[in-house]
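Report on the structure given below.
Readers should treat all values here as calculations from the given coordinates under stated rules, not as data from a laboratory. All values reported here derive from a predicted model rather than from experimental measurement. As a convention, Cβ positions derive from the backbone with ideal geometry for all residues, glycine included, and neighbour counts pool all protein chains shown.
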Amino acid sequence: MRVSRMIAVALAGVAVLAPAAACSSDDPAAPGSPAGAAGEPSEAPTPTPEPTHPFTGLPGAARKAVLAVKIENTSAGKPQLGLKSADVVYVEQVEAGLTRLMAIFSSKIPAKVGPVRSARISDLHIVPQFGRPAFAYSGAQTKMLPFIAEAPLFDVSDSREPGAYFRQPGRFAPYNLFANTKQLLAGAPKASKAKDIGFTFGDAPEGGVPRKMYSVKYPAARFTFGWSETAGKWLIWQDGKKDMAAEGGQLGAPTIVVQYTKTERSQFHDKNQSYTPLVHSTGKGRAIVLRDGQAFKARWSRPEEKDGTVFTTEAGEAMNFAPGQVWVVLASAKPVIP
C-alpha cells in the first residue's frame, strides 16, 4: 500500500513538470503568448536613414546657404584655392576657346576661395536652379550689368562687398584676387539654402563601360579625367598637366558629368572682339557620366531655368551619381567659333 502511494505521488510530479518542459527556449512560444515573450526574439526597430545632402549625396541634413564663385582656370591662375571643398564645379567655355569655373559651395564652406574672376552670361542661366544664391565674381562687361541686376541672385562681387576681397601675395593681377567666404555670405543673409537640383545618388545602373581615361576638348583647352582606384575618384589633368589644388593634392571627383550642350555666340565680346560663348544649359541633350571607373551614356533634361537638371540612362532610369563632389563639364555639342 505504501509503495503504491509513492508511485502515485511520483506520477503526479511528472504531470506537473510536463507542461513546463513544453515551453523550453528551443520551441516557439505557446499560442496566445505576447510578442517578445521568452523563446521568441523581438524585432529591433529599423533605423531611419540619415538624410543626405542634395548636392553630394553624402550624409548631412543641414541645408546651408548656397554660394557660387566664379574662378579662374588658366595656368596663370593655378593652383586654385577652395575647389576641393566645392559641392559642384561647373566648367564653362569663355572667350578664345578657354574655360572658367563656377564653384558651388553649401555643405562645406572653405575659409578662402580664388582667384575670383569676372562673370559671364552663361553663369546667369545656370544659377537659377539653386534658387537665389550668393554670387561672387570680379567685374563684368558694362552691357551685362543690367542682366546681373535682374538675375535671381545676391550680388556679392568685389564692387558690392569690397571688404570680402583681398590680394594674395606672391601672385600677380588679375590672378591674385581672393575672397573670404564668411564675409561673402554675410553680404547675402537671405541667400537660398541648398535644395534638390535634380541629382540622384546611389548604386550605379547597368550598362557602364570600363574606362580608365576620358578627355574633353575645347578650342583652346583640354581636360583629361583618369580613374584612380586608390583615391576612389577621377583625377583631373588640364592641358597635359596635373590639376593641383592650392591646399595640396590633385583635384578630382567621384563623379564627372560631361554635359553636351548647344553653345553659340552671345551678344557680348571682349576688347579683342572675341565673342563670349552662350552655353544653353536648359532643354535636353546627351551626356557621359563617369563614375566607379566606368563610363555611362546618359541623357539630361532641364525644362526651365528654375528647374534642376535631371540625368537618366538611355533606358530612362535614374542615372545615379557616386556620393561626393560632382564636376559638370559643359561641352559644346558643336564647335563654337572663338
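Here are a few things to note about the model shown:
- DSSP bridge orientation in segment 209-332 - percent antiparallel, rounded to nearest 5: 85
- The slack between GLU314 and LYS112, meaning 0.36 nm per residue of separation minus the straight C-alpha distance, is 68.7 nm.
- Whole-angstrom gap from segment 59-138 to segment 182-234, using each part's C-alpha centre: 12
- Average Cα contact separation per residue, segment 191-338, under 8 Å, 6 or more apart, as relative contact order %: 30
- Neighbour counts of C-beta atoms inside 10 Å place HIS125, HIS269 in the sequence HIS269, HIS125, starting with the fewest.
- Relative protection proxy for 311-318, 132-139, from highest mean packing down: 132-139, 311-318 (other beta-carbon atoms within 10 angstrom).
- Considering only the Cα atoms of segment 216-275, their convex hull presents on average a projected area of 6.0 nm².
- Among the GluC sites (Glu not before Pro) found in segment 161-265, those both in a DSSP coil and sparsely packed, with 16 or fewer other Cβ atoms within 10 Å of their Cβ, are GLU206, GLU229, GLU247.
- Taking other C-beta atoms within 10 Å as the exposure proxy, ASP292, ASP243, ASP203 rank ASP203, ASP292, ASP243 from fewest upward.
- Scattering curve values for segment 67-186, log₁₀ I(q)/I(0), Debye with Cα scatterers, q = 0.12, 0.15, 0.18 Å⁻¹: -0.37, -0.59, -0.89
- In terms of overall dimensions, the C-alpha atoms belonging to segment 50-127 reach 46, 26, 16 Å along their principal axes, ordered largest to smallest.
- Percentage relative contact order, segment 60-205, counting C-alpha pairs under 8 Å, at least six apart: 27
- Prolate/oblate/rounded label for segment 209-332 (Cα gyration tensor, a/c 1.5): oblate
- Cross-link pairs exceeding 29 Å between alpha carbons, from the set LYS112/LYS297; LYS190/LYS217; LYS195/LYS262: LYS112/LYS297; LYS190/LYS217.
- Considering only GLY226, PHE321, PRO254, and ranking their Cα positions along the charge dipole of segment 209-332 that arises from unit charges at the beta-carbon of Lys, Arg, Asp and Glu, the one farthest toward the positive end is GLY226.
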